[in-house]
Every structure is written in C-alpha cells, then in structure tokens.
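Engineer: So that we are looking at the same thing, I have put the structure below in structure tokens.
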C-alpha cells in the first residue's frame, strides 16, 4: 500500500514539476500574477509530493516490505532500525529520490524566501527549477523507480552493503546531495538573469546566500565522506583522487570560485558574465558528478549503486540541461553590461587571480578524472590516473593560490596598495617562517617540500589573523585594553568573521594534509598472542582475540595494549566483522586520538605462524595531525554558515533592494 | 576581460596537465596483454585478472604469493601486506606494482571489490577481448537493481 502511495506521489510530483515550469513561463510571458502564483504553488506542492514519496519509501524500509524490489536488494530484518532507515538512500533509486527531494526542496525555498525578488527573475528561476525537476523526476519515475514491486516477496532481503552501515555514511549522502543540488538554485538564478538580460549587484546579492549555503553543505558532505573513508576502509588514507571523490571536488572548486567572484559582482558590479558562467558551471559539475558516480564509466573505489545503462540517460540529462544553459549564455552574455573598471592591483584583481587559479585547478582535476575515459575511447587501452598526476598539476596551482591569498583581503577595491598590504603582513610572514623553521627542527625525518607547504599553512592562519587585527585597528590600541579589543571584535560584521574563519580553516587543513601525507608511518607485522611490535613511539602488544556479536554481524576482536614511550598505556580493539547476510567481511579500525595525531590500528587476516599457533596481521598507522585535515574544512563550513547568518546577506535574500534597480529589472 | 584572461590560463593548465599525464598515467594489462606488449620491468602498471584457484600461499613473514590469470596466460604475483577483505581464489582482482626482471609481479597494492558478485571492469573487458568471457553472470553490470559494489585496497 505504501509503495503504491509512494509511486503515485512520485508521478504526481513529476506532473507538478511540469506545471511549475509551464505556469511560471506563461505567467512571465503574459505578465499574469495568477499564473505566476499557480506556478509557485505547483513548486511547493511538488516538494510536498516528493516528501510523501520519500516517506513512503522509508516506511517500506522500516517495515521491511520485501514486495518492493529495492527493499529486497538493500535491507534485511537483522539490520538495526537506524540502518534500515538510511538504506532508503543507499541504492541507486533511493539516492536519486534523495536528489529529487533536495531539488524540489530548494525549489520550494526559492518560492518561500524569494518574496523580495523581481517577479520576472523569480518566475524564470522557478520555471528553471521546475524544468530540472521535470528531468530528474522523469528519470526517477521512468528509469529508476524505487517503488517497483516483485511478484513473489522473499522472506529475507539482501542487506545494505556492510561498509555503508556506519553513522557517518548514513548522514554523508543527505548533506552531500543538499550541497550538490543547492547549486541548482544558483543555476536557475543564472538562467533567469540571462533570460531577463540583467546581471547586476542586486542579482549577485540574491545569489550569494544560496551559493554560500550550497558550498557550506558540500564542504561538510565531502569532509564526512573523507572521514568515513579514513576510518572505515582501513587503508589509513583520506583522499585517493578517485573519480568519485573528484566528482564532488569539482563542483566544490567551482563553487569556491563563484563565492569569490560573486563578491566582486555584488560590491563593484564587475565580472558579471564570469559570475553567471560559474553559476552555470557549478551545477553542471554537480550533474557531471551524479553521472560519474552513478554510471560506473570510471573505475572507482567508491562506486556505489552503479548502473551503466541508466548512466547514459543521466549523461543525456546533463547534456540537455548544461547544453541549453551554456547555449543561452553564449547567446545572451555578450549583451550583459560590463561592470566597473579596476586596476590589476586591487581587491578585484586579487579575486580574479583567485578565480583563475581555481578554474585552472578544476580543469586539471577534470582532465585527470576524464582522461582514462578518453584514452579508452581512442586507443582502447585501460589506464588509471592517480595521485602523482594530481600532485604535479593541482599541487603547484594551489600553492600559488594560497601564497597570494592573505594579501587579497588587505587590498582596497578599485586600486590597491600592494606595498602597504605587504607591510601589514610582515609580522604574519615572520611568524609563519618562524613556525616553519621550528617544525623543520622538531619533525624527523627532515623533508623540505612538506615543510614549505606547512609554512604556507602557518602563513594562511597568521595572515588571516593579521587582517582581522587590522580591521579592529589593534596596533593603535593601548596595551592591556582587552575590553576594547573584545568590543571591536564583536562589532565586526559576521561576513568578516566568516571569511577569516574560512581562510584559517584552509590553513589548518593545509597543515594537517602536509603533515599527515609526509610523516605518516605504516608498520605491519604478524603477531601471535603475547607478542609485541614497535610503531613510531609506541609498543603494541597483542593480548588476545575474542568473538563479539553485533546485531547483524559477528566479529573477531583483538585487544592490543599500546604503550607510548612517554605516557600512559591505552587499549585498542580493532575488529574484523563478518556479515552473514552478504557473506562479507569488513575491518573495524581502532583509532586512539593523541592530540591531533591518530594511532590507527587495523586487524588483518589470520596467518600461519612458525610455531603452529595462529598469528594475526596487525597494521599500525601513526597519522600525525590527521585530525586537522577534517577540522580545517569544518571550520571553513562554519565560516560559510556564519557569513550566511550575516544580517546584510539574509536581508538581501528576502527583501527588495533599492527600488531603482528593481523597476529596471521588471 | 576575465574570459580573455581565463582562456590562455586554462589552455596552459590543460597543456601542462597533458604533459604530466604522460609520466604519471598507469596502464592496465591482463597477463596475456602484458606478455604481448613486453611490459618492461620496473614500470608501474596495473595487472588484473582472476586469482588462480589453489595458487594462494600465505607465508609467515607476511608476504602472499598468488597467480593472476586471464585463462590464456598467467603471472606470479608477490605482495607484502594485508589482502582486501574480499580477496578470494577464482575471483577478479586488480594489482598495482612492477614486474621484476625475473618476471614475477611485485604488487604494491591489491584492489578487490567489497562484494562477492564483483568483477573489475578492466578484468571483464580483458576477458572479453581474449575470448575467455564466461557470460555476464559475474559482471557488475548484471547485478540486481541497486546492488552495491565496493572496491578496497591494501598497501
């Protein structure tokens, strides 16, 4: 029954999306407020219908309704309730339904929070959002329907892939998808601006909060995914330059560029065409990501819910939506009014440089990701492109981008004073170099390149702090006037705080990444109970193994006592879990955090030992400063959220800007 | 103006990327392809096929020996490290490493999917090419709708 209700609601949502697109366009052409309103109503109703469909699927999973094919393939009665719920989006069909939920949800948000928008712009944006809904809901209904029944219901299902049965993996897809699909709003606004033929400061002010929200969600989503890969896969790594990872990284890079160029458009009315281009590109990369992840055209370590046949349809949708949008861009963009002029050395100039680096970095990542496909098509040879390529291309571009970053916010609009900016940064530069030297002396073995990269990390943090100090005019305050400093810091706009925090977060990430990648140690040894091994500054002794039973698995659990050279011993309990439903074994890593450093232990397979006793392969990773890798991006996302809470930005999203701009745009 | 500045920058980055690609791309071979192409020893490549039944030897020092075959040719692989959870005899596997002068493939990394129904795409393609394909029953593409597949690796 619920499955029928869900299927019906899904088809209803498809029809409502068609209405949303059609009515909004008619309303715009005829200038009819009733039609426009009906289009907006359809957008809200489409969202409600998808919510009902989603709830129906979730109910089927919770109730283990094995007459639904999707439930059979991904759930099982032994699975705990939490993972029966999250199995809703664990499959191809379910994840596309989640995508539609986000898409129609953002469509409804445009209607609800866009009250102050010029009616023409809003109608076209709602219509575009409806068209996207039509494409993706159409795909879900006709090619990827999660409510398909099977004639004879089996007694038991096949279970969700065990490595997805994890709290982080459960919340990773919804957040990641919200980020991906959040860019659809920006896309729709860009299409609307092109149709209406007007891109100005007000438009950028409307777009920026959506871009910020999508970017922050995407940042959190990618970080969760990376953290999951780090502790669940048991390889000790956190980023593998895998196609699926790159698929989420490309919209993030373009989204980052968009955030920065939209500031220029908002404050100075410049870079209009470029900002629109990025707005279209961000969601196009999201769609490319969905295609790459779901089609399985690329060999990936994270390829979930792959289906090549349906991948072709996704490619078609991507081609249609992106093709039409960029066609519109090529036609209309030359007519956009160029904005204010600026000198090369200026805030605008620095942001343009940032954008060039980010765009070039995106191009490198895209080429590295798609190259194996191209080679396969041309020569038939199978190749893979891995970390060395990205280190060689993406690395230098980012290093250059990060070195210039702290100077940007110190330059004035229109015409900046580079010498003055650098003078204000010399303390930060000296601090960064000193910290780099100190690290060089403290960390063994000594390596030059990572130390330089870490110095850049320190430079980002110190430079951002210096800029903040400049804002409150710290130098002019008398010593010991803490209250005054605090008052001035509190008086700063939240947008300022958001930017500083995001840049510091980037520095924190760079520190963690450089440190972890360069000084991670891996030690593997077969241990018989009672034997010890050395790993870094730790001695690990295998006490023994025992069997533990989980709700839907049984595990061999090892007990290891780790004794640091200085400090108190602690216990680590890595497991090897066996899930009978899928006859699958997974590793459960044991991680002990010491400051920002992780002691990371994986229990391997059983090996015959010389004495006839069973031995177990134990792998120990010491990952220095690994936690900074995840803390940094979370700080960046927090910065995004704080900027979003800035009253100036929120008002701009909801209220009318000065009337002169609006009457012109009507 | 920005687009004018962006175009050459992007072209430059793409050019440099292609240059970098020449040195860093890793080629995939099945055992018979590797034989045919005379892959020189010491070059980083991927070798994939089926794990030969009865070939897996786990030594006490932590190294593992196994054979990889595409049913026309086979190679001996030596690997020191933890095998993926779903490494099994008779199933698809992709290894990354180098051929030694004596012809033994020394793997740095062994990839195998976290799914017993899985067959790596390259392995399936290679088997099809060599005419040793035994039907789609083992391919990822033939999985029931929504089935999950997962690769894992060990270094």
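The values are calculated or read from the model by the stated rules, or taken from the named source; none is laboratory data. All values reported here derive from a predicted model rather than from experimental measurement. A quick note on method: Cβ atoms are made from the backbone with ideal geometry, for glycine too, and the neighbour counts reach across all protein chains shown.
Engineer: Report, by residue number, each residue of the stretch B:60-75 that is crowded, with 17+ Cβ neighbours inside 10 Å and either touching a strand residue (DSSP E or B) at 6+ places or on another chain (Cβ under 8 Å) or within 14 Å of another protein chain (Cβ to nearest Cβ) (or both).
Structural biologist: Our first condition is that a residue be crowded, with 17+ Cβ neighbours inside 10 Å; within the stretch B:60-75, this holds for B:62, B:64, B:66-72, B:74-75.
Scanning the stretch B:60-75 gives B:62, B:64, B:66, B:67, B:68, B:69, B:70, B:71, B:74, B:75.
Engineer: Looking only at residues that are without any contact (Cβ under 8 Å) to a residue 24 or more places away in the chain and assigned to a loop (DSSP other than H, G, I, E, B) in the stretch B:1-57, which one is nearest to residue B:67 (Cα to Cα)?
Structural biologist: B:38
Engineer: Please note which helices (runs of 4 or more DSSP H) are completely contained in the stretch A:342-451 and include at least 1 residues that are within 12 Å of chain B (Cβ to nearest Cβ).
Structural biologist: A:347-379, A:387-404
Engineer: Just one of A:229, A:214 is away from chain B (no Cβ under 12 Å) and part of a helix (DSSP H, G or I); which is it?
Structural biologist: That would be A:214, the only listed residue that is away from chain B (no Cβ under 12 Å) and part of a helix (DSSP H, G or I).
Engineer: So which of A:38, A:45, A:18, A:7 ends up being out of contact with any helix residue (DSSP H, G or I) (no Cβ under 7 Å at 6 or more places or on another chain) and either surrounded by fewer than 23 Cβ atoms within 10 Å (Cβ to Cβ) or not in a helix (DSSP H, G or I) (or both)? So that I can check it myself, show each step before the final result.
Structural biologist: Working: A:38 fails: out of contact with any helix residue (DSSP H, G or I) (no Cβ under 7 Å at 6 or more places or on another chain); A:45 fails: out of contact with any helix residue (DSSP H, G or I) (no Cβ under 7 Å at 6 or more places or on another chain); A:18 fails: out of contact with any helix residue (DSSP H, G or I) (no Cβ under 7 Å at 6 or more places or on another chain).
Residue meeting the stated conditions: A:7.
Engineer: Conditions: (1) under 18 Å from the mean Cα position of the chain (by Cα); (2) more than 9 Å from chain A (Cβ to nearest Cβ). Residue B:57 meets all but one. Number of the miss?
Structural biologist: It fails just one condition, (1).
Engineer: While we're here: Select from the stretch A:481-519 the residues that are in contact with a strand residue (DSSP E or B) (Cβ under 9 Å, 6 or more places away or on another chain) and surrounded by fewer than 19 Cβ atoms within 10 Å (Cβ to Cβ) and list them in ascending order.
Structural biologist: Result: A:519, single match.
Engineer: Additional query: If I ask for residues that are surrounded by fewer than 24 Cβ atoms within 10 Å (Cβ to Cβ), assigned to a helix (DSSP H, G or I) and in contact (Cβ under 8 Å) with a residue 24 or more places away in the chain, which ones from the stretch A:57-70 would you list?
Structural biologist: Step one: list which residues in the stretch A:57-70 are surrounded by fewer than 24 Cβ atoms within 10 Å (Cβ to Cβ), which gives A:58-59, A:62-67, A:69.
When the remaining residues are screened for being assigned to a helix (DSSP H, G or I), the result is A:58-59, A:62, A:69.
Answer for the stretch A:57-70, where residues must be surrounded by fewer than 24 Cβ atoms within 10 Å (Cβ to Cβ), assigned to a helix (DSSP H, G or I) and in contact (Cβ under 8 Å) with a residue 24 or more places away in the chain: A:58, A:59, A:69.
Engineer: Which of (1) closer than 25 Å to residue A:587 by Cα; (2) facing chain A (nearest Cβ under 8 Å) does residue B:6 not meet, given it meets every other one?
Structural biologist: Result: residue B:6 fails condition (1) only.
Engineer: Still on this model: Hey, which of the strands (runs of 3 or more DSSP E) in the stretch A:513-570, taking only ones fully inside, have at least 1 residues that are touching a residue at least 40 places away in the same chain (Cβ under 8 Å) and within 14 Å of chain B (Cβ to nearest Cβ)?
Structural biologist: Hits in the stretch A:513-570: A:521-527, A:532-535, A:554-564.
Engineer: Now, a different point. Might you let me know whether the stretch A:467-477 holds any residue that is farther than 22 Å from residue A:212 by Cβ, in contact with a strand residue (DSSP E or B) (Cβ under 9 Å, 6 or more places away or on another chain) and either within 14 Å of chain B (Cβ to nearest Cβ) or free of Cβ contacts under 8 Å to residues at least 12 places away in the same chain (or both)?
Structural biologist: Checking the stretch A:467-477: not a single residue is farther than 22 Å from residue A:212 by Cβ, in contact with a strand residue (DSSP E or B) (Cβ under 9 Å, 6 or more places away or on another chain) and either within 14 Å of chain B (Cβ to nearest Cβ) or free of Cβ contacts under 8 Å to residues at least 12 places away in the same chain (or both).
Engineer: Residues to consider are A:191, A:185; find the one that is touching a helix residue (DSSP H, G or I) at 6+ places or on another chain (Cβ under 7 Å), closer than 22 Å to residue B:6 by Cα and surrounded by 23 or more Cβ atoms within 10 Å (Cβ to Cβ).
Structural biologist: Result: A:191 is the single residue among A:191, A:185 that is touching a helix residue (DSSP H, G or I) at 6+ places or on another chain (Cβ under 7 Å), closer than 22 Å to residue B:6 by Cα and surrounded by 23 or more Cβ atoms within 10 Å (Cβ to Cβ).
Engineer: Looking at the stretch A:71-92, which of its residues are more than 18 Å from residue A:169 (Cβ to Cβ) and buried (at least 21 other Cβ atoms within 10 Å of the Cβ)?
Structural biologist: Selection gives A:71, A:72.
Engineer: Scan the stretch A:425-438 and tell me whether some residue there is out of contact with any strand residue (DSSP E or B) (no Cβ under 8 Å at 6 or more places or on another chain) and at pLDDT below 90. Don't jump to the end; show me each part of the working.
Structural biologist: Residues of the stretch A:425-438 out of contact with any strand residue (DSSP E or B) (no Cβ under 8 Å at 6 or more places or on another chain): A:425-438.
Subsequent filtering for residues that are at pLDDT below 90 retains none.
There is no residue in the stretch A:425-438 that is out of contact with any strand residue (DSSP E or B) (no Cβ under 8 Å at 6 or more places or on another chain) and at pLDDT below 90.
Engineer: Could you please give the count of residues in the stretch B:35-51 that are touching a helix residue (DSSP H, G or I) at 6+ places or on another chain (Cβ under 9 Å) and more than 21 Å from residue B:111 (Cα to Cα)?
Structural biologist: Count: 0.
Engineer: Moving on. Of all residues in the stretch B:73-92, which are assigned to a loop (DSSP other than H, G, I, E, B) and either under 15 Å from the mean Cα position of the chain (by Cα) or at pLDDT below 85 (or both)? If you could, list the steps in order and put the result at the bottom.
Structural biologist: Taking the stretch B:73-92 first, the residues assigned to a loop (DSSP other than H, G, I, E, B) are B:73, B:81-91.
B:81, B:82, B:83, B:84, B:85, B:86, B:87, B:88, B:89, B:90, B:91, listed by residue number.
Engineer: Can I ask one more? From the set of residues in the stretch B:10-28 that are more than 8 Å from chain A (Cβ to nearest Cβ) and farther than 14 Å from residue A:388 by Cα, which is farthest from the chain's Cα centre (by Cα)?
Structural biologist: Selected residue: B:11.
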